[in-house]
1. Return the total of residues in the stretch A:272-293 being at positive phi and among the hydroxyl-bearing types (S, T, Y).
2. Taking the conditions exactly as written (out of contact with any strand residue (DSSP E or B) (no Cβ under 9 Å at 6 or more places or on another chain) and in contact (Cβ under 8 Å) with a residue 24 or more places away in the chain), does B:Q187 satisfy them or not?
3. Could you count how many residues in the stretch A:407-461 are surrounded by fewer than 18 Cβ atoms within 10 Å (Cβ to Cβ), more than 14 Å from every other protein chain (Cβ to nearest Cβ) and of a type in the set (A, V, I, L, M)?
4. Being buried (at least 24 other Cβ atoms within 10 Å of the Cβ) and within 7 Å of chain A (Cβ to nearest Cβ) is the filter here; which residues of the stretch B:89-100 pass it?
5. Just one of (1) modelled with pLDDT under 95; (2) under 19 Å from the mean Cα position of the chain (by Cα) trips up A:F167, so point out which.
6. Among what's in the stretch A:226-247 and is crowded, with 22+ Cβ neighbours inside 10 Å and more than 14 Å from every other protein chain (Cβ to nearest Cβ), pick the residue that is modelled with the lowest pLDDT.
7. On the basis of being under 27 Å from B:P242 (Cβ atoms) and in contact with a helix residue (DSSP H, G or I) (Cβ under 6 Å, 6 or more places away or on another chain), does B:G125 make the cut?
8. Show me the strands (runs of 3 or more DSSP E) entirely contained within the stretch A:94-207 in which 3 or more residues are under 30 Å from B:Q93 (Cβ atoms).
Amino acid sequence: MSRYFYWCVALAVLLANPLNALAATDADLQAIREQIQQLKQNYEQRITQLEQRLQQAEANSRQAESVAPQAQTAAQQPTRSGTGASSESGFNPAVSLILSGTYGQFKQDTAVAATGFAMSANNPGYTQGLSLKESELGISANIDPQFRGVATFALAPAGGISVENAFVQSSVLGNGINLKMGRFFSGLGYLNEQHAHAWDFVDQPLVYRVLWDNQIGEDGLQLKWLAPTDMFVEVGGELGRGRGFPGTDRQNKNGAGAGVLFAHVGDDIGIEHSWRAGLSLHETRRVNAVSTGVPDLLSTAGGVSNRFSGDSRTAGLDFVWKYAPNGNIRERYLKLQGEYFRRNESGLLTYNLATTDSYAVTQSGWYLQSVYQFMPNWRTGLRYDQLDPGIASVGALNAGNVIGNYAFNPSRLTWMVDYNPSEFSRLRLQLARDNSRQGLPDNQLFLQYIMSLGAHGAHQY
Amino acid sequence: MKTKQRVVSVKANPRLSEGYAVARKILYAFLLLLISGNVHAALNVFACEPEWAALTQQLAGNQASIYTATGALQDPHRVEARPSLIARARRAQLLVCTGAELEIGWMPVVLRESGNSAIQPGSSGNFEAAQYVSRLEVPTRLDRAEGDVHASGNPHIQTDARNFLPIAEALSKRLIQLDPANTQLYQQQYTAFNQQWRVAIARWEKQAVSLKGVPVIVQHKGFPYLNNWLGLKQVAELEPKPGLEPSAAYLGSVLNELQQHPARMVLRAAYQDGRPSEWIAQRAHVPAVMLPYTVGGTPQATDLFTLFDDTIQRLLEGLK
């Protein structure tokens, strides 16, 4: 048929140009041959394309066939709801709202920082008396076959909205690669990525409070890779603007302001035990970080304001181990977790915003906690916290006014019990003996409710 | 028609046709190489629940390397996205799960963290068994006040043996689609399973004739498919709402109810705490029957066939 077709084309060309045809030279013939050749190639290309499309169509119809309703032998009139894969929520994004409130009873002023950490973050995350906690509004959905979007807005009780998380995540890079872009909780440590409603205690461990301002969030990107092994081995890195403490929000500058590297390994031991361990590194350059109310050697009333510029490097270790009889976490389970962080800062400290000299210190902290679900719906937990403010090397100019050695390790012991009427609600009682401020020990009592309504996404390990 | 065109056009230019033929040969050789590479490498299957691992085993024989994500004594609603699950999902070529939101509390995280594009929802590597059967108890009212309800119907489809017929057919097709080199094997396995299973269903239905119309109490709404199949009549549930723990007061009211509508036995799945069933069973003077629920739920339920042998055996014993 093809040959016939080409001859027809050639004939048509000849007929259309009879004069030229009569005066056909070798060159003309050559041109015609080339044309025919081109046509032929064109033709073959199209056949191949058609073949491919046919194969695709066949494959599709095969798939459709397999999804098509299968006659069921059931005697009753059964209901069939949709033949497509169930998705989190039609085309509407999944919307969730976390409602939480506390009652706090304690003596000491929360504005006083843990001893030796006056130049660190100090937001305890709780207040005296009855109070509403941040309401957390979450929206998430697949954007297209390539991306998924997640946004979490924190509605402050006093009014105002802050963007807690707003990121897009690729889901189809394959090969174990995961990419996140936007504002997200850093993947360092174990607790950092967990949202407040999933915490096992009312507040974060002291080490998270002073070294990460409870939870470090970054604006930037995160790349993770999961190794193709039976054991869970994951490595990841982040570049951010240094928005979250200890970063100082790099402004009017190109490049990145903070970097994170982390690695996690984990596995099961039988069906009853599972564990995960991790290593994290964080680095940022702090620029003109001003701290107020810092005590000094001169015992200035109300403390002084200091300014620090320099490098901040933090390394952390984390582990979690979980045990459930028969692996059934609905009945009973035990969770043991601990983290250790160590931060080195070195640079220039300006005492009282006036006298500048070198300053370097290594601070660290750790916690160990365990939560035991002793019967369905009921859990109890115990946590021990400790911080080490370290001994600072202070430049000669400031040796007489900056405190280099506090000789006190802040600590705290916390106990909690919570009742979970369902997966979506939790009521908690927490008692703590807080010894984080030298000479100001405190007994604390908290009552808390945490409820989640709407779509509730799966929790991380 | 298309082959005819191809043959003639190839003839039109012998030199081109030779080049074409060589190119094709290379292509075929390459494809053959790819396929032969797969012949020895077993298909990596991630089964969410033991019953789907067992079914895949029936349909793929040694051709599949199967990892089972949950145990028979684990509540399938309450599983954590453990690191081991994420690591196993990373290399899986086929995910075989119940679907219908049974795994909604953990699977989304596993899928997201796995970084495996082949098994994401909607792709051919993601098989949801519940799509191939008619689901019961699809709620008309979606409200969390109703407890842990599943929007797409009750997901505990594995308690009706008949459900395995359409699921096996669909799963076999999926295996062939993912691993066409072993089409013949999968077809043979399916044909054999289909035959044996139909014979077994007839046997089970005959054995279970005396169960028809028997009133039962269930601990969790986990048996509508079993009831539908064998004709058991569910008169009460021990969970006030699906997924919520029964309180003593609620159990008391169930007991009162039982005075009016007596039941013959209390059913629970192997993974469930036995205490509520035992409590009611003692007071209502009826036997508490623990059913394997899935493969591995009892020592006797070692595969799909023995799962139903044992289920019916235990039900009949409860009737005595």
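The values are calculated or read from the model by the stated rules, or taken from the named source; none is laboratory data. Source: prediction; values computed, not measured. We place every Cβ from the backbone using ideal geometry, glycine too, and count neighbours over all the protein chains shown.
1. Step one: of the stretch A:272-293, the residues at positive phi are A:288, A:293.
When the remaining residues are screened for being among the hydroxyl-bearing types (S, T, Y), the result is none.
Number satisfying all stated conditions: 0.
2. no
3. Total satisfying the criteria: 9.
4. Correct list: B:R90, B:G99, B:A100.
5. So A:F167 meets the others, but not (1).
6. My answer is A:G244.
7. In short, no.
8. Fully inside the stretch A:94-207 and qualifying: A:135-142, A:147-155, A:161-170, A:177-185.
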